[in-house]
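All of the numbers you see were taken from the coordinates with simple rules; none came from a lab. If you're wondering where the values come from, they're calculated on a predicted model, not measured in any experiment. No Cβ is skipped: glycine too gets one built from the backbone with ideal geometry, and neighbour counts run over all protein chains shown.
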Amino acid sequence: TKPINPQAYDLIEDGIDWLNVKTHGKIIYKSDRLQIYYDYAEEMIKKGYMYVCSCTQSEFQELRKLGKDCPCRHLPPSEHMERWEQMFTANPGEFVVRLKTSMQDPNPAFRDRPMLKISDKKHPRVGNKFKIWPLLEFSWAIDDHLFGTTHIIRGIDLVMETRVEKFIWDIFKWKHPI
């Protein structure tokens, strides 16, 4: 993953000012909301919608290519919760939290996508306080619901992320924004 450029935070406010957008409050940073994402991840793991995978990236890519289930997928939720707890002290690459979609989906990119991963890189706002980070589509799905987003505008390059977000909304039976 690419390192975060600390100057990018200033660019957010500069862009809002340049666009002459009037905001209704403060800027909200995902790095300040990690406990919210953790709570939803735990709920989804306990209910069997996500699992903690210990396969190497190359092992999982081979399974994805063949349309075969990851052996981790069928462990009981209690074991996945134990693995989740282990993630907080594990090294990058040891575990990844995956969304249970279908390993036979026609689009291999949709098959059991990663939702949270381990990173030991220092974050410009929170340092090394956290080491489990949500991927975009997981945090977007949660935030778009919690913030009451009504309309979403995305580029064509984010079609898969939108599909994943809708999949998560359906799990929780949340209304889809336009």
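Taking the simple approach of a point 7 Å from Cα along Cα-to-Cβ for both Lys175 and Leu66, what is their distance in nm?
The two pseudo-label positions are separated by 4.6 nm.
Treating only the Cβ atoms of Lys and Arg (+1) and Asp and Glu (-1) as charged, compute the dipole magnitude of the chain about its Cα centre; round to the nearest 20 debye.
For this selection, approximately 160 debye.
Give the relative contact order (percent, whole number) for the chain; include only Cα pairs under 8 Å separated by 6+ residues.
Across the chain, relative contact order equals 18 percent.
In debye, nearest 20: dipole of the stretch 79-178 around its Cα centre with unit charges on the Cβ of K, R (+) and D, E (-)? It would help to have the intermediate numbers written out before the result.
Numbers: 16 positive and 14 negative charges, 44 e Å.
Taking the Cα centre of the stretch 79-178 as origin, the dipole is about 220 debye.
Using 0.36 nm per residue of separation minus the Cα-Cα distance, give me the extension gain between Glu79 and Lys47 in nm, one decimal. Walk me through the numbers before you get to the answer.
Values: separation 32, 0.36 × 32 = 11.52 nm, distance 1.23 nm.
Between Glu79 and Lys47, full extension yields an extra 10.3 nm.
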